[in-house]
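Asks: Mind having a look at this structure? Questions to follow.
The values are calculated or read from the model by the stated rules, or taken from the named source; none is laboratory data. Keep in mind the model is a prediction, meaning the values are calculated, not measured. Cβ placement follows ideal geometry from the backbone for every residue including glycine, while neighbour counts extend to all protein chains displayed. Areas reflect the complete protein model, heavy atoms only, side chains present, ligands, DNA and RNA absent. Shrake-Rupley method; radii C 1.70, N 1.55, O 1.52, S 1.80 Å.
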Amino acid sequence: MRILFPALLGMTLAAVGCSSSQEVVTPDEELVERGPKTIAVDGDPNGLWWDAESATLFMADDENNRVLRYRDGEGISLVANLPVTSADSPGLGALARLTDGTLVVVRFGGGTAGDIVYVRPDGSSAVVPNLPPERRRIGITVTKDGQLLDGYFVRNNNVNVGSVARLTLEGTEQEVVGALVKPVGVLAVDDTLYISDQIAGKVYRSPLSNPSQLVPFATLSSPDLLAQGPGDTLLTGSRDGTVLSIRPSGEVSVLAGGFQQPHGIAYDAKNKRIFVADHDGDPTNGTTHTLRILPIAE
């Protein structure tokens with residue numbers, strides 16, 4: 001696999017609108033932006049979710065407690081503002097989309113206000129009830145049969161204890177994987193669960209039929225959120241500014257570099273491109289968070 005983009009990418013400012021509709025719109029072929037392109041975002045995109053049917057990229061805006069979307073030919077617009085939380089930054093992580101169009105988003109909460117919210121297809125939103133607020137949630141995924149799994153950790157005496165749980169929107173969160181440190185990415189692919197542990201520097205895998213049977217899959221530096229890529233690969237970002245590809249063998253290679261801090265990644269198989277939420281972690285010279293679109297070839 002190889003990445004196709006020039007060394008320097010142009011900057012384009014996209015305005016955030018106020019539409020909350022999630023209607024299915026397929027852009028004309030000539031409007032598809034395959035990149036390379038860098039779009040400055042009025043916010044801080046973290047989790048990304050590509051919906052192929054509606055040709056829509058959904059983004060969790062970590063800075064403004066809302067969900068945005070990107071569509072070719074339309075740019076970035078508002079899907080929904082999320083319910084107000086405490087004065088502590090809600091810290092949005094990953095998001096997942098259910099078959100009925102409901103978007104489910106985790107909120108980190110800093111150990112005091114962690115929760116999970118969902119946005120219905122009509123744009124209204126609500127908080128999943130009865131979840132422990134001390135759980136710092138980052139990753140979430142949906143299995144092929146519609147089950148939700150989320151990753152979290154708690155901090156006891158400055159020691160992280162991480163888990164993955166089976167979640168329902170009615171308010172149950174039952175642990176299915178334990179003994180992790182800082183689970184960030186959680187991804188269900190067919191019958192397999194993948195988990196990236198950022199502090200351990202590992203990606204693990206296990207059968208969804210028995211998630212606790214975890215085995216190491218790949219070793220890499222500071223893996224972030226996970227996405228399915230082309231050719232049965234996995235994609236993740238690293239704090240060293242690279243996007244990494246993990247082959248089915250567990251071999252890790254650099255797919256692209258020159259990022260600030262790549263967080264969420266999404267893959268558009270039809271148009272052979274990836275989307276990367278690129279976080280600016282250095283505010284000393286101003287802050288510019290971006291959405292980057294890069295063409296890839298298998």
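Asks: Between residue 42 and residue 147, what length in nm is gained on full extension when 0.36 nm per residue of separation is reduced by their alpha carbon distance?
Replies: Extra length available between residue 42 and residue 147 comes to 34.6 nm.
Asks: Please compute the Kirkwood hydrodynamic radius over segment 85-133, one decimal place, Å, based on all pairs of different Cα atoms.
Replies: 11.2 Å
Asks: Counting only pairs 8 or more residues apart or on different chains, how many lysine pairs in the chain have their Cα atoms under 28 Å apart? Present the calculation step by step, with values, prior to reporting the outcome.
Replies: Working: 37/270; 37/272; 144/182; 144/202; 144/270; 144/272; 182/202; 202/272.
Close lysine pairs found across the chain: 8.
Asks: Can you give the extra length, in nm with one decimal, that the chain gains between residue 175 and residue 209 once fully stretched, where that is 0.36 nm per residue apart less the Cα-Cα distance?
Replies: Result for the pair: 10.8 nm of gain on full extension.
Asks: So if I take the alpha carbon set of segment 155-248, get Rg, then get Rh from the Kirkwood formula, what is the Rg over Rh ratio?
Replies: Working: Rg = 13.4 Å, Rh = 13.7 Å.
Value, to two decimals: 0.97.
Asks: So what's the net charge close to residue 129: Lys and Arg +1, Asp and Glu -1, counting the other residues with Cβ under 13 Å from its Cβ?
Replies: Numbers: positive: none; negative: 115, 170, 173.
Overall, the nearby charge balance is -3.
Asks: Another one. May I ask for the net charge around residue 199, where only other residues with Cβ less than 14 Å from the Cβ of residue 199 are counted and Lys, Arg are +1 while Asp, Glu are -1? Don't jump to the answer; show the numbers that get you there.
Replies: On the way: positive: 136, 155, 182, 202, 239; negative: 197, 224.
For residues surrounding residue 199, the net value is +3.
Asks: In Å, what is the Rg of the alpha-carbon atoms in segment 141-202, and how long is Dmax?
Replies: 11.9, 38
Asks: Next question, about the same structure. Mind checking which of 121, 233, 168 is farthest towards the positive end of the chain's charge dipole, using Cβ charges of +1 (Lys, Arg) and -1 (Asp, Glu) about the Cα centre?
Replies: 233
Asks: Another question, then. What does the accessible area of residue 125 come to, in Å² to the nearest 10, when a probe of 1.4 Å is used?
Replies: 40 Å²
Asks: In a GNM of the chain with a 10 Å cut-off on Cα contacts, which of 81, 157, 210 has the highest mean-square fluctuation?
Replies: 157
Asks: For every other residue with a beta carbon closer than 15 angstrom to the beta carbon of residue 169, add +1 if it is Lys or Arg and -1 if Asp or Glu, then tell me the sum.
Replies: Details: positive: 97, 107, 120, 137, 166; negative: 100, 115, 150, 170, 173.
Residues close to residue 169 contribute a combined charge of 0.
Asks: Full-extension gain between residue 190 and residue 158, please, as 0.36 nm times their residue separation minus the C-alpha to C-alpha distance.
Replies: 7.9 nm
Asks: Provide, as a two-decimal number, the C-alpha radius of gyration of the chain over 2.2 N^0.38 Å, N being how many residues it has.
Replies: Dividing the Cα radius of gyration by 2.2 N^0.38 Å gives 0.92.
Asks: Compare 150, 282, 44 in a GNM of the chain, Cα atoms joined below 10 Å, and give the one with the largest fluctuation.
Replies: 282
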